[in-house]
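Before any comments, here is the structure.
The values are calculated or read from the model by the stated rules, or taken from the named source; none is laboratory data. Everything numeric in this text was worked out from a predicted model, so none of it was measured. Here Cβ is always computed from backbone atoms with ideal geometry, including for glycine, and neighbour counts include all displayed protein chains. The protein model used for the area step is the full one, side chains on, heavy atoms only, and it has no ligands, DNA or RNA in it. Shrake-Rupley method; radii C 1.70, N 1.55, O 1.52, S 1.80 Å.
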Amino acid sequence: SAVISQKPSRDICQRGTSLTIQCQVDSQVTMMFWYRQQPGQSLTLIATANQGSEATYESGFVIDKFPISRPNLTFSTLTVSNMSPEDSSIYLCSGTGDGYIQYFGAGTRLSVL
Amino acid sequence: GIQVEQSPPDLILQEGANSTLRCNFSDSVNNLQWFHQNPWGQLINLFYIPSGTKQNGRLSATTVATERYSLLYISSSQTTDSGVYFCAVWSGGSNYKLTFGKGTLLTVNP
């Protein structure tokens, strides 16, 4: 199994600012993903983080708002840019290991004032 | 894309009771996982079960791939079982993207 560390675990930010979330896995994973979970909702995939190239974004998510990096197989970052209160959510990083199984980090609970 | 429906949306139990959660999906799947999200938001992987039956302590899961559903059984429930249970599926392709159901909110009262 893969252990995924995510930080910060929570943050309170002012509107208009940006926050970068880091995700570190303890072993090489095939794929890494970023999800958003709005309050009381299920998880929605933001993008697939591709090593050394631009992330693949899902419909409704754009690179200018959610720039993602993955410089190597075990590390990725998600930035939430120019934040508004509507960005208040839990952001989760995941990675595939042991074949198709996905493992998740503990999440970043973001509140935007 | 593939649709995932979970039922019931909410479930309240007394400690010690048993329960069954259901996940229906609209297409054949290569991966199906059950997760438990605890009250602190952490998503814990319970089962990887694209087909067949697995057991882990008081929890077990069965997926009938030909009929496109999966069941999660919780026996002798405890208050620590409270939280949201998600079913998530991947229907194929090279992207390994999981599609999540809306979840079942389980509350176990002492």
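Which one of these is basic (Lys, Arg), outside any loop (DSSP other than H, G, I, E, B) and open to solvent by 20 Å² or more (accessible area, probe 1.4 Å): A:ARG70, A:ARG36?
That would be A:ARG36, the only listed residue that is basic (Lys, Arg), outside any loop (DSSP other than H, G, I, E, B) and open to solvent by 20 Å² or more (accessible area, probe 1.4 Å).
Those residues that are within 12 Å of another protein chain (Cβ to nearest Cβ), under 25 Å from B:SER76 (Cα atoms) and open to solvent by less than 90 Å² (accessible area, probe 1.4 Å), I need them from the stretch B:1-22; list them, please.
B:GLN6, B:PRO9, listed by residue number.
From the residues in the stretch B:62-81 that are away from chain A (no Cβ under 14 Å) and assigned to a strand (DSSP E or B), which one is nearest to B:ASP27 (Cα to Cα)?
B:TYR69
Sort out which residues of the stretch B:33-49 are without any contact (Cβ under 8 Å) to a residue 12 or more places away in the chain and open to solvent by 20 Å² or more (accessible area, probe 1.4 Å), and write them in order of number.
B:TRP40, B:GLN42, B:ILE44
Let me confirm something: among B:TRP34, B:TRP40, which residue is closer than 21 Å to A:SER1 by Cβ and assigned to a loop (DSSP other than H, G, I, E, B)?
B:TRP40
Residue check, A:SER94 against (1) within 26 Å of B:ASN31 (Cα to Cα); (2) in contact (Cβ under 8 Å) with a residue 12 or more places away in the chain; (3) surrounded by fewer than 19 Cβ atoms within 10 Å (Cβ to Cβ), all met but one. Which one?
(3)
Take A:THR48 and decide whether it is β-branched (Val, Ile, Thr) and buried (at least 16 other Cβ atoms within 10 Å of the Cβ).
Values: β-branched (Val, Ile, Thr): yes; buried (at least 16 other Cβ atoms within 10 Å of the Cβ): yes.
Taking the combined requirement at face value, the residue satisfies it.
Being open to solvent by 10 Å² or more (accessible area, probe 1.4 Å), within 11 Å of chain A (Cβ to nearest Cβ), assigned to a strand (DSSP E or B) and not acidic (Asp, Glu) is the requirement here; does B:VAL84 meet it? Let's see the steps before the verdict.
Working: open to solvent by 10 Å² or more (accessible area, probe 1.4 Å): yes; within 11 Å of chain A (Cβ to nearest Cβ): yes; assigned to a strand (DSSP E or B): yes; not acidic (Asp, Glu): yes.
Considered against the rule, which asks whether it is open to solvent by 10 Å² or more (accessible area, probe 1.4 Å), within 11 Å of chain A (Cβ to nearest Cβ), assigned to a strand (DSSP E or B) and not acidic (Asp, Glu), B:VAL84 comes out as yes.
Could you list all residues from the stretch A:8-30 that are of a type in the set (A, V, I, L, M) and open to solvent by 30 Å² or more (accessible area, probe 1.4 Å)?
Residues of the stretch A:8-30 of a type in the set (A, V, I, L, M): A:12, A:19, A:21, A:25, A:29.
The answer is A:ILE12, and nothing else.
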